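Notes follow once the structure below has been shown.
The values are calculated or read from the model by the stated rules, or taken from the named source; none is laboratory data. Note that the coordinates shown come from a computational prediction; the quantities given were computed from them, not determined experimentally. Note: ideal-geometry Cβ built from the backbone for every residue, glycine included; neighbour counts use all protein chains shown. With ligands, DNA and RNA removed, areas are computed over all heavy atoms of the protein, side chains included. Shrake-Rupley method; radii C 1.70, N 1.55, O 1.52, S 1.80 Å.
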Amino acid sequence: MFGLPAVKPDVHGGKLLPPERYGVKIMSMAFFLSDNEPVIWRGPLLGRAIEQFLGDVFWGSPHYLLVDLPPGTGDIALTLAQMIPAAEMIIVTTPQEAASTIAVKAAKMAQKTEHSLLGVIENMAYFVCPQCETKHYIFGQGGASEIARITGARLLGSVPLDEKTRQSGDRGEPVAQDPASPVGAAFREIAAAIDAE
Ligand SMILES: [Zn+2]
């Protein structure tokens, strides 16, 4: 999605050098796997990979370290919670009930491990129809505000469903870069809300 080639990062002084794009340093499992190979690692191996991504990558002094996790409350989320006690969690959900149930579980785990919840982001919140220009709530409505209500976290913002997201991603240019796009605007509002915390 950042348009980076899937090549192994360089190593310098025993540290992995993360490639940088759009001012973001990136480290991904995808750099170490060959094409179309699934990640089938389990608990201990995954834990070690996370340790390496945190400890053996030359991050410098970033303002933010974002870790994109798979849904739910699996091993990785727990390992991270233990390794970065000061980490704050952002719940990303879609509006329908099945997604918000999983998200509430993750939020409760964060609270059990004494991590603060920075907020909730609603993805695929609605689709603005190019024909009639009305908002279509394809996945329903209200899931994210319900999570916010249950957990006491704030709703950081809603990202509409837009084919530009996919098109930009395929081109390796994040849609957030595009000032004219409603999705880009949503991303910038969310970033500003996080930055204001
Ligand atoms: Zn329509």
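Numbers for the structure displayed
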| read-out | value |
| --- | --- |
| Unmet criterion (only one of (1) within 29 Å of Gly74 (Cβ to Cβ); (2) surrounded by 14 or more Cβ atoms within 10 Å (Cβ to Cβ)) for Ser181 | (1) |
| Sole residue being open to solvent by 70 Å² or more (accessible area, probe 1.4 Å), modelled with pLDDT of 85 or more and under 30 Å from Lys112 (Cβ atoms), chosen from His12, His63 | His63 |
| Unmet requirement for Leu54, which otherwise passes all of (1) over 28 Å from Gly172 (Cβ atoms); (2) open to solvent by less than 70 Å² (accessible area, probe 1.4 Å); (3) more than 16 Å from the chain's Cα centre (by Cα) | (1) |
| For Ala98: the one exception among (1) closer than 20 Å to Leu80 by Cα; (2) surrounded by fewer than 13 Cβ atoms within 10 Å (Cβ to Cβ) | (1) |
| Search result, residues across region 184-197 that are open to solvent by 40 Å² or more (accessible area, probe 1.4 Å) and part of a helix (DSSP H, G or I) | Phe187, Arg188, Glu189, Ala191, Ala192, Asp195 |
| Residue that is least open to solvent (accessible area, probe 1.4 Å) [pool: residues in region 23-50 that are over 19 Å from the mean Cα position of the chain (by Cα) and at pLDDT 80 or above] | Phe32 |
